[in-house]
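A.B. asks: Have a look at this one before I ask anything.
Each value in this text was obtained by applying a stated rule to the coordinates, not by laboratory testing. All figures in this text were calculated on a predicted structure; none of them were measured in a lab. Here Cβ is always computed from backbone atoms with ideal geometry, including for glycine, and neighbour counts include all displayed protein chains.
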Amino acid sequence: MTDENSALPTPRLSRHPDGITAIDTEYLHPGHAAAHLIEQGGRAAFVDVGTNDSVPYLLAALRALELRPQAVDYVLLTHVHLDHAGGAGRLMQALPNAVCVLHPRGAPHMIDPARLIAGSRAVYGPQRFERLYGQIEPIAAERVRVTRDGERLSLGGRELEILHTPGHALHHQVFVDGAHRCIFTGDTFGISYRELDSPAGAFITPTTTPTQFDPAQLCASIDRLLGYAPEAMYLMHFSRVTGVARLGAALKSQVRELERIARASAAAPDRHGAIRAAMWELWRDLAHRHGCPVSDTQLAELLAGDLELNAQGLVHWLDTRAG
């Protein structure tokens, strides 16, 4: 979507309670990935940012919300997978006062993204990498804040607690907004596409993408988040979900089942294919039981990318971490 009167596009915005706005990053297709903008006392922070192609939508969101780029104090990155962080360097160039807040394992890869680029090229292939992510811009070290587990930062007087949450990635962190009983979870609390909502609520799946998935760590991180008894989680894929206790139990159950599937497929001639097929059967059955309002064909199309990347991550886990 574009605005004929401006160089900036027209962003797809979803306004949530407590000064939180979801911005569709337009990654892959609408409704796949959301950056979040937190507003408090005239100050603002982005939580995850999408790719380079997402940056104009984030800047357009500031304009739509009548915020100047100078009002953004933080770019809060849950982790440096490129669907979350690929546009951070370019975005920071447009935000003169912002500090980029990163896990200590992730910060070096945004200051010098060479290894991050190489690893992502290996996952996606060179041509798809260029099409999706383009040139990853570094962030100057003096504009990076490296976090400690449990530390807090203030946004216009609004306190956010930072938790390190390995499982999806060793460099993953989340941001807890205790006063408003919500958590910005990146990928730790899975994926929930709004197309799959039913009268039973949101449908959720874990993400086990390469290369640092660890089932025990992920379940422990989910339990840690549930310990805060949040009313809502803000996911990158896709935005606000409630009914958190039910979703957490579903995620942990699926993680354990995916671990079982991976181990059972360890000796298969085509481990990736066997894992992918079993995962599809699991998700199709769960979607039917949940009453998801889509056909199997639509479900397969919606989950195709997640099936592929999750299978890759489980194969990698078998090769490197399975005991």
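A.B. asks: Place a +1 charge on the Cβ of each Lys and Arg in region 98-187 and a -1 charge on the Cβ of each Asp and Glu, then give the dipole magnitude about the Cα centre in debye, rounded to the nearest 20.
C.D. replies: 180
A.B. asks: Does region 171-292 come out rounded, prolate or oblate by the C-alpha gyration tensor, with a ≥ b ≥ c the root eigenvalues, rounded set by a/c under 1.5 and, if not, prolate when a/b is larger than b/c and oblate if not?
C.D. replies: Oblate, since a/c reaches 1.5 and b/c is not below a/b.
A.B. asks: To continue, here is another question. Obtain the nm distance between the two label points defined at residue 220 and residue 118 by a simple spin-label model: each point lies 7 Å from its Cα along the Cα-to-C-beta direction.
C.D. replies: If labels sit at residue 220 and residue 118, their model points lie 2.9 nm apart.
A.B. asks: Putting +1 on Lys and Arg Cβ atoms and -1 on Asp and Glu Cβ atoms, find which of 135, 54, 155 reaches farthest to the positive end of the dipole of region 13-180.
C.D. replies: Going by the Cα projections, it comes out as 135.
A.B. asks: Follow-up. What ranking, highest mean first, results for peptides 188-194, 24-30, 149-155, 116-122 when packing means the other Cβ atoms within 10 Å averaged over each residue?
C.D. replies: 188-194, 24-30, 116-122, 149-155
A.B. asks: Could I ask something else about it? Please report how far the C-alpha centroid of region 181-221 lies from that of region 125-171, rounded to the nearest whole angstrom.
C.D. replies: 18
A.B. asks: Helix 55-64 versus the longest principal axis of the chain: what is the Cα-based angle in degrees, 0 to 90, to the nearest 10?
C.D. replies: It is inclined by approximately 50 degrees.
A.B. asks: OK, next. In debye to the nearest 20, how big a dipole does the chain give about its Cα centre with +1 on each Lys and Arg Cβ and -1 on each Asp and Glu Cβ?
C.D. replies: Using Cβ point charges on Lys, Arg, Asp and Glu, the chain gives about 480 debye.
A.B. asks: Continuing with the same structure: For residue 18 and residue 64, what does the FRET efficiency come to when R0 = 30 Å and r is the distance between their Cβ atoms, rounded to the nearest 0.05?
C.D. replies: Efficiency at R0 = 30 Å is approximately 0.95.
A.B. asks: A further question follows. If you take every DSSP beta bridge whose two residues both sit in region 13-180, what share of them, in percent to the nearest 5, is antiparallel?
C.D. replies: 70
A.B. asks: Summing Lys, Arg as +1 and Asp, Glu as -1, what charge do residues with Cβ under 14 Å from the Cβ of residue 111 carry, residue 111 excluded?
C.D. replies: Around residue 111, the charge tally is +1.
A.B. asks: Once both axes come from the Cα atoms, what is the angle between helix 114-124 and the longest principal axis of the chain, in degrees from 0 to 90, rounded to 10?
C.D. replies: 40
A.B. asks: Picking from 220, 309, 88, whose Cα lies most toward the positive end of the charge dipole for the chain (charges on Cβ: Lys, Arg +1; Asp, Glu -1)?
C.D. replies: 220
A.B. asks: Using 19 Å as the cut-off for backbone N distance, which residues of region 247-287 belong to the label zone defined by a point 7 Å from the Cα of residue 200 along Cα→Cβ?
C.D. replies: 247-258, 279-287
A.B. asks: Still on this structure: Mind pulling the angle between the C-alpha long axis of helix 296-320 and the longest principal axis of the chain? Nearest 10 degrees, somewhere in 0 to 90.
C.D. replies: 80
A.B. asks: Measuring from a point 7 Å past the Cα of residue 152 along Cα-to-C-beta, which residues in region 167-211 have an amide N at less than 18 Å?
C.D. replies: Those under the cut-off are 174-184.
A.B. asks: Just to check I understand the Karplus step: with θ = phi - 60° and J = 6.51 cos²θ - 1.76 cosθ + 1.60, what whole-Hz values come out for region 258-268, glycine and proline as x?
C.D. replies: Each residue's phi maps through the Karplus curve to give 5, 4, 4, 4, 4, 5, 5, 9, 4, 9, 5 Hz.
A.B. asks: If amide H atoms are built 1.01 Å from N in the plane of the peptide, which residues on other chains or at least 5 residues away come under 5 Å of the amide H of residue 198?
C.D. replies: Long-range HN contacts for residue 198: 203.
A.B. asks: Let me ask another. With +1 assigned to the C-beta of every Lys and Arg and -1 to the C-beta of every Asp and Glu, and no other charges, what is the dipole magnitude of region 13-180 about the Cα centre in debye, to the nearest 20?
C.D. replies: The dipole of region 13-180 has a size of about 300 debye.
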